[in-house]
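Chemist: The structure under discussion is supplied below as structure tokens; questions concerning it will follow.
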Amino acid sequence: QVQLVESGGGLVQVGESLRLSCAASGSVFSINAMGWYRQAPGKQRDLVAGITVDGATGYADSVKGRFTISRDTANNTVYLQMNNLKPEDTAVYYCNLATMRLGLGYWGQGTQVTVSS
């Protein structure tokens, strides 16, 4: 059974940084990509950043230049370095693992990121 354990969320002030971590464990045999999504109240859940098994990365326009996704393949862990945080970044951030079978993936429970002025 695959589990995604997230950590690193919290309360920060405008301009500060956070580093989110997501460690996958269990029967993880066919990872295609991992990524971070976020959802604020009243808004859809959107992809923030993703990284494929080959190392290709992608970012939402709203976070380009501020966020960086990376991975530690030895530990099946992905990170999201979040710099220069803004109030609009406030959301629940969810880790996602996509398998090689399109549509088959796993979600973490989410971690709250709150950016206050």
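Chemist: Within the range 71-97, can you find the residues that are within 17 Å of V5 (Cβ to Cβ) and in a strand (DSSP E or B)?
Modeler: R71, D72, T77, V78, Y79, L80, V92, Y93, Y94, C95, N96, L97
Chemist: Separate question: Filter the range 91-113 for residues that are polar (S, T, N, Q) and open to solvent by 50 Å² or more (accessible area, probe 1.4 Å); which is nearest to S25 (Cα to Cα)?
Modeler: Among them, the one singled out is Q109.
Chemist: Got at least one residue in the range 52-60 being surrounded by 15 or more Cβ atoms within 10 Å (Cβ to Cβ), in contact with a helix residue (DSSP H, G or I) (Cβ under 8 Å, 6 or more places away or on another chain) and either acidic (D, E) or under 28 Å from V14 (Cβ atoms) (or both)?
Modeler: No, because not a single residue in the range 52-60 is surrounded by 15 or more Cβ atoms within 10 Å (Cβ to Cβ), in contact with a helix residue (DSSP H, G or I) (Cβ under 8 Å, 6 or more places away or on another chain) and either acidic (D, E) or under 28 Å from V14 (Cβ atoms) (or both).
Chemist: From the set of residues in the range 23-51 that are of a type in the set (A, V, I, L, M, F, W, C) and assigned to a loop (DSSP other than H, G, I, E, B), which is most open to solvent (accessible area, probe 1.4 Å)?
Modeler: F29
Chemist: Can you name every residue in the range 61-78 that is in contact with a Leu (Cβ under 9 Å, 6 or more places away or on another chain), open to solvent by 50 Å² or more (accessible area, probe 1.4 Å) and under 17 Å from Y37 (Cβ atoms)?
Modeler: Passing the criteria: only T68.
Residues checked against (1) closer than 27 Å to F29 by Cα; (2) modelled with pLDDT under 95:
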| residue | (1), (2) |
| --- | --- |
| L47 | yes, no |
| D54 | yes, yes |
| G58 | yes, no |
| T68 | yes, no |
| N83 | no, no |
| K86 | no, no |
| D89 | no, no |
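The values are calculated or read from the model by the stated rules, or taken from the named source; none is laboratory data. What you see is a predicted model; the values in this text were computed from it and never measured. Neighbour counts run over all protein chains shown; Cβ positions are idealised from the backbone, glycine included. Quick note on the areas: whole protein, heavy atoms, side chains included, nothing else; ligands and nucleic acids left out. Shrake-Rupley method; radii C 1.70, N 1.55, O 1.52, S 1.80 Å.
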